Amino acid sequence: MTKTNKMKKILMIVGVLLIVVLVAVLLFLFRPVATKPVKLAGDETVVDMVLVGGGIMSATLGTYLSELEPTWKIQMYERLDKVAQESSNGFHNAGTGHSGFMEMNYTAEAEDGSISIERAEKTAVQFEISKQFWTHQVKNGVLGDPKTFINPVPHIAFVWGDSVDFLKRRHEAMIKSPLFSDMIYSEDKSEIGQWAPLITKGRDDSQPIAATRMDIGTDVNYGAITTQLINHLGKNSNFNLKVSTEVTGISRNDDGTWTVSVKNLVDNSVSHTKTRRVFIGAGGAAIKMLQMTGLPESKYYAGFPVGGLFLMTDNPDVVNAHTAKVYGRAELGAPPMSVPHIDTRYIGGKKYVLFGPFATYSNKFLKNGSQTDLLASATKDNALPMVAVGLDNLDLVKYLVSQVSLSPEQKMAELRKYYPEAKQADWIENQGGQRVQIIKKLPNEPAKLQFGTEIFASQDGTLSALLGASPGASTSPNMMLDLLAKSFPDEVQGKWNAKLLEIIPSYGQDLAKNPELLDKVRTDTSRTLGLVYTSKTQSTPVPQDSADVPEPTKFVPSPDTKEPVVEVGEESQTEPAA
Ligand SMILES: Cc1cc2nc3c(=O)[nH]c(=O)nc-3n(C[C@H](O)[C@H](O)[C@H](O)COP(=O)(O)OP(=O)(O)OC[C@H]3O[C@@H](n4cnc5c(N)ncnc54)[C@H](O)[C@@H]3O)c2cc1C
């Protein structure tokens, strides 16, 4: 064979291989992703709501519904053997009760130097709704001792160098709002050192620093809230939880109901549940599950997973010297969820200090997911938008690569920017949950990467989903309220309205514009939840610190509270909370 013929043969083989790969890719992208309709006998019971996933979103929605419609039959499915083991778990997120006090990325600076506090106000109002929801649940015995899930921890925004001027102007803009009027500002190292000694000790005296402080800040254990809410739901005979049970299909029936197909992960048996409504509270997996429904709007979405890793310590010398959440400013080009912070955490009756998050990368949509998750979510509709978003966000890609390649020493160097005297031996790495950012491509619009959360509701309101992850768990009662309004507009305006006002006394009012109501709400929630707030009109004796939290001992990540006990795959109820 001549050299030219040999070359021709190689080119032909390469060409054929390329065509085979292209056909395989096209076949993969054009595969049907919607669940095939399931033929059911016709005489099966129809439940009122299926909640997919046992995280804080499903737990919160289930709790609202059990109060609004006590006779509704609600079925919850969780693929893991316990609830609250993904992002909602206490060790898998930062436990911040996001209120906009210290999150400087919520107060954007315009080119003319003005600072908009709108997003911070929105977040603060949403958290006031969360506190009202949890207060109502404590008063009704649904949630237990507030210290098991919420603790007073001042929220501090901390900056140095050129950012001092920004923080000063941010403070001036913020104290005009009743939501932030209690905010204190300081550039005095010794005063800031009293607020949070770790961040000033060992710091160069010549470095200009500044901080703001809000005493009404909180640390929240969302895993404990989830577990306690689901435990309580289990006391109602109309609620049923199946763990180790994965939802594998969601299809529409001719009569407008839905069939949810599930697999028992212990014995691999498959069964189906007919339901009037479905809520997809599957965390990072929600986008994949939305695709199963075959709803036309589902094709607008794709997901981009980013994990979070924290450094954690339980060394008593460190932990006892720090009762604060101290948020810094994100580095230039870094995504909003990467804002560094050094935080007090209370989990399972023990105090920790956490620093992070460092971004991590994996193709999984859930911490306990599969490496094929990202690829399996690609379809003919979202593949190009995914590529376009990747090309449009090269800064983010570069940032992720730089984060993933950080050595333990480099992570300590980041920590020392906030805690100059940190010792490596005190800290261990703790992999948190996965956040799946939304990639959305609407017709005639460019594909966009969204860092927030989005409520999806089908046009007839029978199928809804919670997509995205930020600000996340802290606003779950508000998000589920929005979801109720989207899916059940008539009920929310009508027969549910009085009950909703009982649960959320500020329902329908803008607390940013109503200082009297804000004071009333903050006084009531702070009293019940044990938070630090001085009422403008009433005398409010509230605790100054979580003094009865036991001294820290050795750090062992463990499930944060007593979990509901259920028989795998059986029609059983949860145990009441301890
Ligand atoms: C690193 C990090 C830090 C964070 N910090 C904060 C913070 O400080 N403050 C804050 O408010 N928020 C924070 N968040 C966000 C917050 O954790 C999430 O918004 C929230 O926990 C999401 O709750 P969820 O119920 O939607 O999802 P999850 O808690 O993830 O629950 C989803 C559940 O669905 C189950 N599931 C999935 N697929 C299936 C299926 N097919 N069948 C059955 N079950 C299924 C999963 O196993 C899981 O139990 C953080 C998140 C991360 C990752």
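Of all DSSP-defined beta bridges confined to the chain, some 75% are antiparallel rather than parallel. Residues whose amide H falls under 5 Å from that of Leu80, counting only those 5 or more places apart or on a different chain, are Ser244, Thr245, with hydrogens built in the peptide plane.
Per-residue 3J(HN,Hα) values for region 208-213, derived from phi via the Karplus relation 6.51 cos²θ - 1.76 cosθ + 1.60 with θ = phi - 60°, read x, 10, 8, 8, 10, 9 Hz in sequence order (x marks Gly and Pro). Shown in residue order for region 37-43 are the 3J(HN,Hα) couplings computed by the Karplus curve 6.51 cos²θ - 1.76 cosθ + 1.60 at θ = phi - 60°: x, 9, 7, 9, 4, x, 10 Hz (x for Gly and Pro). Computing FRET efficiency as 1/(1 + (r/R0)^6) for Gln538 and Asn497, where r is the C-beta to C-beta distance and R0 is 22 Å, gives about 0.20. Highest-first packing order for the peptide set 310-318, 436-444 is 310-318, 436-444, based on the mean count of other beta carbon atoms within 10 Å. Scanning the chain for GluC sites (Glu not before Pro) in DSSP loops with at most 14 neighbouring Cβ atoms within 10 Å leaves 422-566 as the longest stretch between them.
Which value results when the Cα radius of gyration for region 443-548 is divided by 2.2 N^0.38 Å?
Working: Rg = 18.1 Å, N = 106, 2.2 N^0.38 = 12.9 Å.
So region 443-548 has a normalised radius of gyration of 1.40.
Stretching the chain fully between Asp205 and Lys417 yields a gain of 74.9 nm (0.36 nm per residue, less the alpha carbon separation). Expressed as a fraction of 2.2 N^0.38 Å, the value expected for a compact globular protein of N residues, the C-alpha radius of gyration of region 214-304 is 1.37. Restricting the calculation to Cα atoms, region 104-219 shows an Rg/Rh of 1.05 when the hydrodynamic-style radius is the Kirkwood one. The Kirkwood hydrodynamic radius of region 198-354, based on inverse pair distances between different Cα atoms, is 20.6 Å.
Using R0 = 45 Å, the C-beta based FRET efficiency linking Ala485 and Leu22 works out to 0.45. In the structure displayed, which of Lys168/Lys417; Lys122/Lys189; Lys122/Lys299; Lys168/Lys201; Lys299/Lys486 lie more than 27 Å apart, Cα to Cα? Violating the 27 Å limit, Cα to Cα: Lys122/Lys189; Lys122/Lys299.
Of the cross-linked pairs Lys263/Lys364; Lys176/Lys440; Lys441/Lys513; Lys274/Lys441; Lys235/Lys274; Lys39/Lys242, those separated by over 29 Å at the C-alpha level are Lys176/Lys440; Lys441/Lys513; Lys274/Lys441.
Computed extension length for Phe30-Ile184: 49.7 nm, one decimal, from 0.36 nm per residue of separation with the Cα-Cα distance subtracted. Highest mean first, the peptides 300-307, 359-366 sorted by other C-beta atoms within 10 Å per residue fall in the order 300-307, 359-366. Here the contact order of the chain, divided by its residue count and restricted to Cα pairs under 8 Å and six or more residues apart, works out to 22 percent.
The length gained on full extension between Glu191 and Glu109, counted as 0.36 nm times the residue separation minus their Cα-Cα distance, comes to 26.9 nm.
Helical runs assigned H by DSSP (4 residues or longer) give the chain a calculated mean residue ellipticity at 222 nm of -9500 deg cm²/dmol, each run adding -39500 (n - 2.57) before division by the residue total. Under 5 Å between amide hydrogens, built in the peptide plane, is the criterion, and for Thr96 it picks out Val220 among residues at least 5 positions away or on other chains. Please say if region 317-395 is rounded, prolate or oblate, where rounded means a/c under 1.5 for a ≥ b ≥ c the square roots of the C-alpha gyration tensor eigenvalues, and otherwise the choice is prolate for a/b larger than b/c and oblate otherwise? Oblate is the answer for region 317-395, as a/c is 1.5 or above yet b/c matches or exceeds a/b. Shown in residue order for region 457-472 are the 3J(HN,Hα) couplings computed by the Karplus curve 6.51 cos²θ - 1.76 cosθ + 1.60 at θ = phi - 60°: 9, 5, 4, 8, x, 8, 10, 9, 8, 10, 10, x, 9, 9, x, x Hz (x for Gly and Pro). Region 2-33 and region 175-208 have their alpha-carbon centroids 63 Å apart.
Could you tell me how far the Cα centroid of region 224-262 sits from the Cα centroid of region 408-441, in Å? Here the answer is 35 Å between Cα centres.
With the biggest extent put first, the Cα atoms of the chain measure 80, 73, 49 Å across the principal axes.
A short reminder: the numbers here are calculations on the coordinates, not readings from a lab. Note that the coordinates shown come from a computational prediction; the quantities given were computed from them, not determined experimentally. No Cβ is skipped: glycine too gets one built from the backbone with ideal geometry, and neighbour counts run over all protein chains shown.
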